[in-house]
Amino acid sequence: MGTFHHDKGELHGITVVVDMKDDRVFVGRCDTILPEGVVLLDGDVHDASEVKYDGTKVTKEAYLANAAKFGVWKKFDRVIVPSDDVASIERLGSM
């Protein structure tokens, strides 16, 4: 199967995890991977360094396990994640 936008790359339309070099991780539908960054649609960002109201932190791994099982709450319609900050891009659930 797949999409009809062959010029957008193999991850176009796929929900991906963009792991950052810092404590953040983005989850969203991949639109395009450009030299300047990854264009994600309808996604969420999690910062593992943030402390929750109860004093705990949620690791990237725990967040991604939950996202793979239940999905994410959309926090943005469209974002360009800068290429210089990206550590890796993978399909959600393949990590």
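Coordinate-derived values only; no laboratory data. Everything numeric here is computed off the predicted structure, so don't read it as measured data. For neighbour counting, all protein chains shown are included, and Cβ atoms are generated from backbone atoms with ideal geometry for every residue, glycine included.
Numerical summary
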quantity: Inter-site label distance for ASP42 and LYS74 at 7 Å from Cα along Cβ, in nm; calculated: 0.6
quantity: Low-density loop cleavage sites - chymotrypsin sites (Phe, Trp or Tyr not before Pro) in the range 42-79, where at most 13 other Cβ are within 10 Å (DSSP); calculated: TYR53, TRP73
quantity: Local net charge near ASP19, Cβ-Cβ under 11 Å (Lys/Arg +1, Asp/Glu -1); calculated: -2
quantity: Bins of 5 Å, starting at 0 and running to the largest distance - Cα pair percent for the chain; calculated: 3, 14, 24, 25, 19, 9, 4, 2, 1, 0
quantity: Dipole of the chain, positive direction: furthest Cα of PHE70, THR15, LEU41, with charges on the beta-carbon; calculated: PHE70
quantity: ³J(HN,Hα) computed for each position of the range 29-42 - Karplus, 6.51 cos²θ - 1.76 cosθ + 1.60, integer Hz, glycine/proline x; calculated: 7, 6, 9, 8, 10, 10, x, 7, x, 9, 8, 10, 10, 6
quantity: The chain: calculated mean residue ellipticity at 222 nm from DSSP helix runs of at least 4, using -39500 (n - 2.57); calculated: -3500 deg cm²/dmol
quantity: Sequence of SER83, SER49 once ranked by neighbouring C-beta atoms within 10 Å, starting from the fewest; calculated: SER49, SER83
quantity: Projected label distance in nm at THR32 and VAL51, using a 7 Å step from Cα toward the beta-carbon; calculated: 4.2
